[in-house]
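Student: Here's a structure for you.
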């Protein structure tokens with residue numbers, strides 16, 4: 001990490017500061033806000049139904065100019081719906097399958113109408 005070298009601190013120190021001080025990750029996780037939404041995923045080989053988390057699910061970040069993209073992080077595929085005007089992520093789901101992304105999108109759309 002460049003910032004760690006620039007300020008002569010270990011990368012782990014910056015990671016700890018971000019996770020425990022700057023972000024709301026821990027309080028959101030404890031409060032049930034982190035990965036509170038799930039989608040059902042059916043394994044085509046075994047027929048087993050599993051739940052996949054929807055990591056980001058924020059209807060406030062929706063706008064008139066949205067973009068959708070898929071990203072590979074490690075060996076996992078993610079679909080990200082972001083607001084082009086603000087640069088904020090509205091939805092991030094751990095799937096690139098159209099039926100699963102549609103399921104997450106419908107949940108997001110339903111939360112907007114409430």
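Student: When you scan the stretch 61-114, how many residues do you find that are in a loop (DSSP other than H, G, I, E, B) and under 16 Å from residue 38 (Cβ atoms)?
Tutor: The total comes to 3.
Student: Which residue pairs have Cβ atoms closer than 6 Å, lie 6 or more positions apart in sequence or on different chains, and pair a first residue in the stretch 73-95 that is closer than 14 Å to residue 107 by Cβ with a second residue that is part of a loop (DSSP other than H, G, I, E, B)?
Tutor: 79/96; 90/58; 90/62
Student: Oh, and also: Scan the stretch 43-58 residue by residue and report those that are touching a helix residue (DSSP H, G or I) at 6+ places or on another chain (Cβ under 9 Å) and either in a strand (DSSP E or B) or surrounded by fewer than 11 Cβ atoms within 10 Å (Cβ to Cβ) (or both). Let's see the steps before the verdict.
Tutor: Residues of the stretch 43-58 touching a helix residue (DSSP H, G or I) at 6+ places or on another chain (Cβ under 9 Å): 52, 54, 57-58.
Correct list: 52, 54, 57.
Student: Tell me, please, whether a residue that is outside the structural domain of residue 107 (by TED's automatic domain parsing), modelled with pLDDT under 85, in a helix (DSSP H, G or I) and surrounded by 11 or more Cβ atoms within 10 Å (Cβ to Cβ) can be found in the stretch 29-41.
Tutor: The answer is yes, given that some residue of the stretch 29-41 is outside the structural domain of residue 107 (by TED's automatic domain parsing), modelled with pLDDT under 85, in a helix (DSSP H, G or I) and surrounded by 11 or more Cβ atoms within 10 Å (Cβ to Cβ).
The values are calculated or read from the model by the stated rules, or taken from the named source; none is laboratory data. This one's a predicted model, so the numbers in the text were calculated from it and none came from an experiment. Neighbour counts are summed over all protein chains in view; Cβ atoms, including those assigned to glycine, are modelled from backbone coordinates with ideal geometry.
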